[in-house]
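Asks: Let me begin by handing over the structure; questions about it come next.
The values are calculated or read from the model by the stated rules, or taken from the named source; none is laboratory data. No experiment lies behind these values; they were computed from the predicted model shown. A quick note on method: Cβ atoms are made from the backbone with ideal geometry, for glycine too, and the neighbour counts reach across all protein chains shown.
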Amino acid sequence: GEDVEQSLFLSVREGDSSVINCTYTDSSSTYLYWYKQEPGAGLQLLTYIFSNMDMKQDQRLTVLLNKKDKHLSLRIADTQTGDSAIYFCAESIRGSTLGRLYFGRGTQLTVWP
Amino acid sequence: SQTIHQWPATLVQPVGSPLSLECTVEGTSNPNLYWYRQAAGRGLQLLFYSVGIGQISSEVPQNLSASRPQDRQFILSSKKLLLSDSGFYLCAWSIGQGIYEQYFGPGTRLTVT
């Protein structure tokens, strides 16, 4: 199937690191993505990782992929109040409809000053 | 650069009234287009996708329909709205093959009363 699961809430203090976790079930994933949604807005693509990679770093963001456990994580270093948002994990699957993505329900990240 | 527009931004409609939401993409040709609904549970539900003019695929049965009269225009419609149609409607586009990242519009908040 194409189940993508995430925890619903995460709270951290400003300056700490945040780790948002995601699990998926389909082993035919091609790419895995992290999107950010601020209140009342559309989704913004933050980063993505090819399914044959283990890690990708982009400034404050680090994506880790454990293919064996089908586990994806997003680490935000030095979390700021502006990082408060909903974060969605998504995957695309080989052989699926062109461009089809499967999204998790999103993790609400709250950053306390 | 590519941009995606949605209108209206917010809409309040009575039960049984018709609906028309519009999405347009600029700066790209022959995009894949998507309509999503985000309800109170925050998950993203894919409603329709289109890989070309006049080509519409529906993911779930419902009283909504979609049309693509032009290459970069995607319309979501209903003849008679239900209370359960309330939600945040997001349009997205992607191109070609490979990474499949999707780019989202700002969304339309629909409240059916």
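Asks: Select from region B:45-56 the residues that are surrounded by 12 or more Cβ atoms within 10 Å (Cβ to Cβ) and more than 12 Å from the chain's Cα centre (by Cα) and list them in ascending order.
Replies: B:Val51, B:Gly52, B:Ile53
Asks: Turning to a different aspect of this structure: In region B:62-91, what residues are in a loop (DSSP other than H, G, I, E, B) and closer than 23 Å to B:Val12 by Cα?
Replies: Passing the criteria: B:Gln62, B:Asn63, B:Lys79, B:Lys80, B:Leu81, B:Leu82, B:Ser86.
Asks: Using the structure shown, decide if B:Ser17 is without any contact (Cβ under 8 Å) to a residue 12 or more places away in the chain and either farther than 17 Å from B:Pro106 by Cβ or of a type in the set (Asp, Glu) (or both).
Replies: On the way: without any contact (Cβ under 8 Å) to a residue 12 or more places away in the chain: no; either farther than 17 Å from B:Pro106 by Cβ or of a type in the set (Asp, Glu) (or both): yes.
Criteria not met by B:Ser17.
Asks: What are the residues in region A:1-29 that are among the small types (Gly, Ala, Ser), within 14 Å of chain B (Cβ to nearest Cβ) and outside any loop (DSSP other than H, G, I, E, B), if any? Explain how you work it out, then say what you get.
Replies: Pass one, region A:1-29, residues among the small types (Gly, Ala, Ser): A:1, A:7, A:11, A:15, A:17-18, A:27-29.
Filter once more, so that each one left must be within 14 Å of chain B (Cβ to nearest Cβ): A:7, A:28-29.
The answer is A:Ser29, and nothing else.
Asks: I'd like the full set of residues that are more than 8 Å from every other protein chain (Cβ to nearest Cβ) and under 29 Å from A:Trp34 (Cβ atoms), limited to region B:96-113.
Replies: Selection gives B:Gly96, B:Gly98, B:Thr108, B:Leu110.
Asks: When the residues of region A:36-45 are narrowed to those that are without any contact (Cβ under 8 Å) to a residue 60 or more places away in the chain and part of a strand (DSSP E or B), which ends up surrounded by the most Cβ atoms within 10 Å (Cβ to Cβ)?
Replies: Top of the filtered list is A:Leu43.
Asks: To continue, here is another question. Being under 26 Å from B:Thr10 (Cα atoms) and within 7 Å of another protein chain (Cβ to nearest Cβ) is the filter here, so list the residues in region A:30-43 that pass it. I'd like the intermediate steps shown before the answer.
Replies: At the first step, the residues of region A:30-43 found to be under 26 Å from B:Thr10 (Cα atoms) are A:35-43.
Those that are under 26 Å from B:Thr10 (Cα atoms) and within 7 Å of another protein chain (Cβ to nearest Cβ): A:Ala41, A:Gly42, A:Leu43.
Asks: Taking into account only those residues within region B:6-26 that are β-branched (Val, Ile, Thr) and over 19 Å from B:Gln55 (Cα atoms), which is surrounded by the fewest Cβ atoms within 10 Å (Cβ to Cβ)?
Replies: Looking at the filtered set, the residue picked out is B:Val12.
Asks: If you take just the strands (runs of 3 or more DSSP E) that sit entirely in region B:9-57, which of them hold at least 2 residues that are aromatic (Phe, Trp, Tyr)?
Replies: Because the criterion is at least 2 residues that are aromatic (Phe, Trp, Tyr), the strands (runs of 3 or more DSSP E) in region B:9-57 that meet it are B:32-38, B:44-52.
Asks: Do we have B:Ser29 as closer than 16 Å to B:Leu110 by Cβ and exposed (fewer than 13 other Cβ atoms within 10 Å of the Cβ) here? Steps first, answer last, please.
Replies: Working: closer than 16 Å to B:Leu110 by Cβ: no; exposed (fewer than 13 other Cβ atoms within 10 Å of the Cβ): yes.
For B:Ser29, the condition - closer than 16 Å to B:Leu110 by Cβ and exposed (fewer than 13 other Cβ atoms within 10 Å of the Cβ) - is not met.
Asks: Test A:Thr79 against the criterion of being among the hydroxyl-bearing types (Ser, Thr, Tyr), over 20 Å from B:Trp93 (Cα atoms), assigned to a loop (DSSP other than H, G, I, E, B) and in contact (Cβ under 8 Å) with a residue 40 or more places away in the chain, and give yes or no.
Replies: yes
Asks: What's the number of the only condition in (1) under 27 Å from A:Pro39 (Cα atoms); (2) out of contact with any helix residue (DSSP H, G or I) (no Cβ under 9 Å at 6 or more places or on another chain); (3) modelled with pLDDT of 90 or more; (4) not basic (Lys, Arg) that B:Ile53 fails to meet?
Replies: Going through (1) under 27 Å from A:Pro39 (Cα atoms); (2) out of contact with any helix residue (DSSP H, G or I) (no Cβ under 9 Å at 6 or more places or on another chain); (3) modelled with pLDDT of 90 or more; (4) not basic (Lys, Arg) one by one, B:Ile53 breaks only (1).
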